[in-house]
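The values are calculated or read from the model by the stated rules, or taken from the named source; none is laboratory data. Treat the numbers as computed from the prediction; the structure is a model and nothing was measured. Glycine gets a Cβ as well: all are built from the backbone with ideal geometry, and neighbour counts include every protein chain shown.
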Amino acid sequence: MPKNLLKTIPRKHRARCLLACGLAMYFLANIHRVAIPGSVFDALQQELDVSAAYVTALGSSFMYIYAVSQLRIGLLVDRYGGGRVIGIGMLLFCAGSIMFPLSHSLFMLYFSRAIVGLGASSLYLSLVREIQRTSDRHFTIMVAIMIMIGYLGGIVANAPFVWCVNIIGWRAVMLCTAGVSIGFYLLFMLARSTLKMPAVKPVSLGSKPYRTVLRERHNVNLYLFCGINFGLYYVLQTVIGKKFLEDFCGMSSNHAAGILSVMGTISAVSGLGLAIASTMLGNRRRIFFRIIGVSCVLIFLCVTLFIFFEVRTAWLAGFLCLLSFTASTSSIAIPLLRETNHPSHAGVSVSILNFSCFTFVALLGNAVGFLMNLFPPGVRDGIKVYSVYSYLAVFGVMLLLSGVVLWCSFRLRDGAERGELCPLRLCQDKRGRVAGTAD
């Protein structure tokens, strides 16, 4: 039997296989999250014969479910452990992944995207918990690596995805992705069946942990900073960036997709770079938050001015790439949350962070569709092309929101600078493991 054969393999290797399968599924989930609708915006709009608002809503139907689910996933992970939560969540993800490319009505496309979002929502926090449980000593670097793997999925979801779509069509590509997801899910479940899962913990599933975390003003400032900052970048990456480069800059579909892949690559590398730099500076993070806040405002100011004066240049793609350096803040935000919150609230504090990020992505996705439709588009070769005024409205709002990011960045502090004792240090047991995170 395969299960008995697997048990002959040392436990640590089986645990690594479990984590590797989880990371592979996280990679695939990010392909889903990024590719639709941004990489196939024009194809979806032509096929469905709808306005931009309906197309951007395909992304929002994923993001709203994904964001709201984080609030419950955090408690479920704290109580049942990451392995159990992934087992249920990825079953939904695989089902939705098959349904989506087989759907032809707008309602079914929205519904299947919501199912995909519900399943994918189980991965991030579960993997963070599994890394914390098995690699606590290298937590910051391991989380950064996990985030980098996710961003690699975003890279594949742009230029390589568009290239495949041009050959076999987007429905066939999504069906192939679903098949690979099912394969990794089955391998994950097989590996999990040979390992003893952590005991179920008596964690309350009520609202008290959320109220406790949100009473801390520093947490709220961090959630606003990360949520808006990530939302601004991710809407460009997944919804409007490719369309903007095609309409305003006159780029081809493949060239624009290539730029977005470069953006994803920069985001992946910058997240790991932030984690390493923070560790080398004695876990200092405030300086990085402030640099990101200033950069965000300057980049959106430059893009808005270029649009206002109708400077149609490839430099705009360069500004979008510069913005990618500011996108991946979770690699330093999650360790900061661990330092400034009690270990029993680890899952909840990170779940609210994730909820904030993807709620802003969903809200901005809807807002972008509404703002673009304020001004009627023209038609070029059967494709709707949006005007300077549409993009000026979109980036003007983004510029205002980048100001909020800057304001929040100056209200953030490192744990030691706030005069607080690190809860993790107070809760370590004799083995040096964090209380509440051991098997």
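Only one residue in 368, 397 is crowded, with 24+ Cβ neighbours inside 10 Å, modelled with pLDDT of 90 or more and farther than 30 Å from residue 209 by Cβ. Which one?
Values: 397 fails: crowded, with 24+ Cβ neighbours inside 10 Å.
So the residue among 368, 397 that is crowded, with 24+ Cβ neighbours inside 10 Å, modelled with pLDDT of 90 or more and farther than 30 Å from residue 209 by Cβ is 368.
Considering each of 84, 33, 14 in turn, give the residue that is within 28 Å of residue 351 (Cα to Cα), in contact with a Leu (Cβ under 7 Å, 6 or more places away or on another chain), among the charged types (D, E, K, R) and in contact (Cβ under 8 Å) with a residue 12 or more places away in the chain.
14
If you scan segment 183-201, which residues turn out to be in contact (Cβ under 8 Å) with a residue 24 or more places away in the chain and part of a helix (DSSP H, G or I)? Explain how you work it out, then say what you get.
Here is the first cut: in segment 183-201, the residues in contact (Cβ under 8 Å) with a residue 24 or more places away in the chain are 184-185, 187-201.
Answer for segment 183-201, where residues must be in contact (Cβ under 8 Å) with a residue 24 or more places away in the chain and part of a helix (DSSP H, G or I): 184, 185, 187, 188, 189, 190, 191, 192, 193.
What are the residues in segment 148-194 that are modelled with pLDDT under 90, small (Gly, Ala, Ser) and touching a Ser or Thr at 6+ places or on another chain (Cβ under 8 Å), if any?
Scanning segment 148-194 gives 154, 157, 159.
Looking at segment 254-344, what helices (runs of 4 or more DSSP H) fall wholly within it and have at least 3 residues that are more than 19 Å from residue 151 (Cβ to Cβ) and within 20 Å of the chain's Cα centre (by Cα)?
The helices (runs of 4 or more DSSP H) meeting that bar are 330-340.
So which residues in segment 201-226 are crowded, with 20+ Cβ neighbours inside 10 Å, under 15 Å from residue 346 (Cα atoms) and not aliphatic (A, V, I, L, M), if there are any at all?
If the condition is that a residue be crowded, with 20+ Cβ neighbours inside 10 Å, under 15 Å from residue 346 (Cα atoms) and not aliphatic (A, V, I, L, M), then 209, 219, 223 are the ones that fit.
Considering only segment 343-365, state which residues are under 22 Å from residue 316 (Cα atoms) and modelled with pLDDT of 90 or more. It would help to see each step written out before you state the result.
Looking only at segment 343-365, we keep the residues that are under 22 Å from residue 316 (Cα atoms), and these are 361, 364-365.
Hit for segment 343-365 is 364, nothing else.
Residues are listed down the side, and each one gets a yes or a no for (1) touching a Ser or Thr at 6+ places or on another chain (Cβ under 6 Å); (2) modelled with pLDDT of 90 or more; (3) buried (at least 18 other Cβ atoms within 10 Å of the Cβ):
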{"site": "100", "(1), (2), (3)": "yes, yes, yes"}
{"site": "108", "(1), (2), (3)": "no, yes, no"}
{"site": "115", "(1), (2), (3)": "no, yes, yes"}
{"site": "121", "(1), (2), (3)": "yes, yes, yes"}
{"site": "125", "(1), (2), (3)": "yes, no, yes"}
{"site": "138", "(1), (2), (3)": "no, no, no"}
{"site": "141", "(1), (2), (3)": "no, no, no"}
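Quick one: would you say residue 42 is surrounded by fewer than 24 Cβ atoms within 10 Å (Cβ to Cβ), charged (D, E, K, R) and on the phi > 0 side of the Ramachandran plot? Break it down stepwise before answering.
Values: surrounded by fewer than 24 Cβ atoms within 10 Å (Cβ to Cβ): yes; charged (D, E, K, R): yes; on the phi > 0 side of the Ramachandran plot: no.
Answer is no for this residue.
Here is a check on your reading of the model: is residue 242 crowded, with 23+ Cβ neighbours inside 10 Å and either of a type in the set (Lys, Arg) or at pLDDT below 90 (or both)? Even if it seems obvious, please write down each step before you answer.
Numbers: crowded, with 23+ Cβ neighbours inside 10 Å: yes; either of a type in the set (Lys, Arg) or at pLDDT below 90 (or both): yes.
When the stated conditions are applied, residue 242 passes them.
Has segment 310-324 got any residue that is among the β-branched types (Val, Ile, Thr) and in contact with a Gly (Cβ under 6 Å, 6 or more places away or on another chain)?
No, the conditions are met nowhere in segment 310-324.
Can you find even one residue in segment 247-257 that is of a type in the set (D, E, K, R) and either surrounded by fewer than 18 Cβ atoms within 10 Å (Cβ to Cβ) or without any contact (Cβ under 8 Å) to a residue 24 or more places away in the chain (or both)? Full working, then the answer.
Filtering segment 247-257 for residues of a type in the set (D, E, K, R) gives 247.
Right, trim to either surrounded by fewer than 18 Cβ atoms within 10 Å (Cβ to Cβ) or without any contact (Cβ under 8 Å) to a residue 24 or more places away in the chain (or both) and you get none.
Checking segment 247-257: not a single residue is of a type in the set (D, E, K, R) and either surrounded by fewer than 18 Cβ atoms within 10 Å (Cβ to Cβ) or without any contact (Cβ under 8 Å) to a residue 24 or more places away in the chain (or both).
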